[in-house]
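Asks: Shown below is the structure under consideration.
The values are calculated or read from the model by the stated rules, or taken from the named source; none is laboratory data. If you're wondering where the values come from, they're calculated on a predicted model, not measured in any experiment. Methodologically, a virtual Cβ is constructed for each residue, glycine included, from the backbone with ideal geometry; neighbour enumeration extends over all protein chains shown. Side chains included, ligands, DNA and RNA excluded: accessible areas come from the protein's heavy atoms. Shrake-Rupley method; radii C 1.70, N 1.55, O 1.52, S 1.80 Å.
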Amino acid sequence: MTGRPYVLLSCAMSIDGYIDDASAERLLLSNADDLDRIDAVRAGCDAILVGAGTVRRDDPRLLVRSDRRRAERVARGLPPSPVKVTVTASGDLDPAARFFTMGEATKLVYCPSGALEKTRERLGAVATVVDAGEPASPAALLADLAARGVSRLMVEGGGIVHAQFLGDGLADELHLVVAPFFVGDGRAPRFVGDGRFPWHPGRRARVLEVRQIDDVVLTRYALSDRCPEA
């Protein structure tokens, strides 16, 4: 696709590759310094995407937290926080979730053609619901975001969404943080599951940076030629 938004994937995982555990409580993988780094990355994007499962499980706000960063965005003529985006197969999302109720940013919900009517009935009062084809595809989502003026998209998960963008070759950069512990529970979700990905032993991703941030380690990977060296 030419003209699609630049896509940056962001994920934190355990040493053994899990992005959560199997309990009802959210597993904290990052630390305060890394969360501040993520906030800075968010502030530099036009939109933030999470899957419907993440909306249901984590109830994220997806807002820029720093007062200074919000003020800097406003000074540039931007809203305080980026557009919030989610994708759902069924439309079964709670309109009272913080994704919809917190912040003044535009909220976009992408769904398959077959679920469009149901999703609009359920969420049309709190978000703009967009037909993403049948089945819904990342390519259709990106084309619509580009038409709305989004040039830089941050994808924060979960694993199904990350796997879709990676498998379709629609990711430009990956920020992967590793927390210093193991989960060790096969019931827990992983960064990505089984699949065919454009990066393999014969085509390695390019490492841009490896950085220790207190007790976690960030590795930045270039996944396309659109990703700058620095």
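Asks: Is there a quick way to get the dipole size of the chain? I mean about its Cα centre, with the Cβ of Lys and Arg at +1 and of Asp and Glu at -1; what is the value in debye to the nearest 20?
Replies: Dipole size: approximately 520 debye.
Asks: Next up: Express the carbon and sulfur contribution to the solvent-accessible surface of segment 142-230 as a percent, rounded to the nearest whole number, probe 1.4 angstrom.
Replies: Numbers: 2460 of 4930 Å².
Result for segment 142-230: 50 percent of the exposed heavy-atom area is carbon or sulfur.
Asks: Among residues other than residue 222 whose Cβ falls under 9 Å from its Cβ, what is the net charge (Lys/Arg +1, Asp/Glu -1)? Can you show the working numbers first?
Replies: Working: positive: 206, 220, 226; negative: 172, 173, 225, 229.
My count for the surroundings of residue 222 gives -1.
Asks: For the chain, the longest stretch holding no GluC sites (Glu not before Pro) located in a DSSP loop with at most 13 other Cβ atoms within 10 Å is which? Kindly include the intermediate steps, with their values, before the conclusion.
Replies: Values: sites that count: 25, 104, 229.
Answer - 105-228.
Asks: With a point put 7 Å past each Cα toward its Cβ, work out how far residue 151 is from residue 168 in nm, to one decimal.
Replies: Reported label-point gap for residue 151 and residue 168 is 2.3 nm.
Asks: Starting from the Cα coordinates of segment 143-230, work out the convex hull volume and express it per residue in Å³. Walk me through the intermediate numbers first.
Replies: Numbers: hull volume 12.1 nm³, N = 88.
Per residue, the Cα convex hull of segment 143-230 comes to 137 Å³.
Asks: Within 10 Å of each candidate Cβ there may be at most 15 other Cβ atoms; applying that plus a DSSP loop requirement, which chymotrypsin sites (Phe, Trp or Tyr not before Pro) in segment 152-230 survive?
Replies: Here the chymotrypsin sites (Phe, Trp or Tyr not before Pro) that fit, given the DSSP loop and packing criteria, are 181, 182, 199.
Asks: Before I look further, what does segment 74-230 give for accessible area per residue, probe 1.4 Å, in whole square angstrom? The partial results should precede the final answer.
Replies: Values: 8130 Å² over 157 residues.
Per-residue value: 52 Å².
Asks: Is segment 24-172 best put as rounded, prolate or oblate by its Cα gyration tensor, with a ≥ b ≥ c the root eigenvalues, rounded for a/c under 1.5, and otherwise prolate when a/b is larger than b/c, oblate when not?
Replies: rounded
Asks: For segment 109-196, which trypsin sites (Lys or Arg not before Pro) pass both filters: DSSP loop (anything but H, G, I, E, B) and at most 13 other C-beta atoms within 10 Å?
Replies: 187, 196
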